[in-house]
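Please read the structure below before turning to the comments.
Values in this text are rule-based calculations from the coordinates and carry no lab data. Remember, it's a predicted structure, so these values are computed and weren't measured experimentally. A quick note on method: Cβ atoms are made from the backbone with ideal geometry, for glycine too, and the neighbour counts reach across all protein chains shown.
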Amino acid sequence: MADNQPYVREDVKAFLTLLEAAGGPALADMTLEEARQSYVALHGMADAPARDLAVIRNLCCPGPAGDIPLRLYDARESRDPSPVIMFYHGGGFVIGDLDTHHNLCTEIAHQMDLPVVAVDYRRAPENPFPAAIEDCEAAARWVAGSPEELGRKATGIVNIGDSAGGNATIVVTQQLAKNAANVPVVLQVPIFPLATDAIGSHSLDEFAEGYILTKAAILFFDAAYVPDRKDPRAMPILGQHEGTPPTVVATASLDPIRDSGRDYAAALSHAGVDHVFLEVSGGTHSFTNLRQAIPSYQGELERVFAAMKMFLGQN
């Protein structure tokens, strides 16, 4: 019955109709290289243009398996000591990279007026769990040490990421709480994160097909990443929540992993953690990277920035 259909905002409906008409193979039916190229193509077509910034520079830092590529974004050529935003990209730990989230990172640096360091962590299946997490943690610790190559002095770390990167956001925060870095994590922003085991959740079955991210794609990523479901570095809902820094959790109502983000926000509530929970009503997974195709998503991203600014004491 129509009354049981979920609410889908009009610009989302138009884009979903366009994607359906375009056809093409499902992500889970592609080769690994095709899947990665498809992800680049989707964001290239659908995301808002990159912002012009004073600084966009590739860097690298030492990691557990060799140097980790990074990219620094800053609206200012130089700046006084400040928090530094660590960005961990989505893509199921399989298909994303620095380029798939380049436009988004320029937007974060522009809107927040803080340095952003994006991490090009090792991906599965070539490097399954916990390789990506180890790289993200190593990069955050390196930035926290304000190395000369960064050209900025960090007063704190802000962890932010989408989807798989939302998982990394929470995990890196937990790891740095257990073993402190040179400066503390002052804020974390997991965006439509995978914080719990999505398999068996209500939202995974309700939005299995037709809403950008599919159940089949999630199973494809899971088979490649091979997470240990008993390890908090894979399922951060199992980690320690008391003492978590201020947090902005964002979910989307039509996202198959929506319930994972809701569950994490609930865990923060039970632990008495200061946080803001935002849900994009009538919106999908990847709302951060589809802002040209779905114009209303820009306002949703700016709600996230507003919550971040509140916690950081910015006007």
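Let me confirm something: among Ala109, Ala50, which residue is more than 25 Å from Met310 (Cβ to Cβ) and not aromatic (Phe, Trp, Tyr)? Full working, then the answer.
Working: Ala109 fails: more than 25 Å from Met310 (Cβ to Cβ).
Matching residue, one of Ala109, Ala50: Ala50.
Does Leu187 qualify as being without any contact (Cβ under 8 Å) to a residue 40 or more places away in the chain, in contact with a strand residue (DSSP E or B) (Cβ under 6 Å, 6 or more places away or on another chain) and surrounded by 20 or more Cβ atoms within 10 Å (Cβ to Cβ)? Break it down into steps so the answer makes sense when it comes.
Working: without any contact (Cβ under 8 Å) to a residue 40 or more places away in the chain: no; in contact with a strand residue (DSSP E or B) (Cβ under 6 Å, 6 or more places away or on another chain): yes; surrounded by 20 or more Cβ atoms within 10 Å (Cβ to Cβ): yes.
Answer is no for this residue.
Look through region 52-91, keep the residues that are within 21 Å of the chain's Cα centre (by Cα) and of a type in the set (Val, Ile, Thr), and return whichever of them is farthest from Ala28 (Cα to Cα).
Here the answer is Val84.
Restricting attention to region 30-51, and to residues there that are outside any helix (DSSP H, G or I) and free of Cβ contacts under 8 Å to residues at least 12 places away in the same chain, which single residue is nearest to Pro295 (Cα to Cα)? Can you show your working first?
The first filter runs over region 30-51 and keeps only residues outside any helix (DSSP H, G or I), leaving 30-31, 47-51.
Now drop any that are not free of Cβ contacts under 8 Å to residues at least 12 places away in the same chain, which leaves 30-31.
Numbers: Met30: 29, Thr31: 31 Å.
For region 30-51, the residue satisfying everything is Met30.
Quick one: which residue in Thr173, Thr155 is touching a Pro at 6+ places or on another chain (Cβ under 9 Å), over 12 Å from Ser260 (Cβ atoms) and part of a strand (DSSP E or B)? Don't jump to the end; show me each part of the working.
Values: Thr173 fails: part of a strand (DSSP E or B).
Only one candidate passes the filter, namely Thr155.
Residue-wise test of (1) among the β-branched types (Val, Ile, Thr); (2) farther than 17 Å from His43 by Cβ; (3) assigned to a loop (DSSP other than H, G, I, E, B).
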site	(1), (2), (3)
Asp259	no, yes, no
Ala266	no, yes, no
Thr284	yes, no, yes
Thr288	yes, no, no
Arg291	no, no, yes
Glu302	no, yes, no
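Go through (1) more than 30 Å from Ser82 (Cβ to Cβ); (2) in contact with a Ser or Thr (Cβ under 6 Å, 6 or more places away or on another chain) one by one and return the number of the condition Val185 breaks.
(1)
In the list Thr288, Thr247, Thr214, which residue meets the criterion of being hydroxyl-bearing (Ser, Thr, Tyr), surrounded by 22 or more Cβ atoms within 10 Å (Cβ to Cβ), within 20 Å of Val8 (Cα to Cα) and in contact (Cβ under 8 Å) with a residue 60 or more places away in the chain? Before the answer, list the steps.
On the way: Thr247 fails: within 20 Å of Val8 (Cα to Cα); Thr214 fails: surrounded by 22 or more Cβ atoms within 10 Å (Cβ to Cβ).
Just a single option satisfies the conditions, and that option is Thr288.
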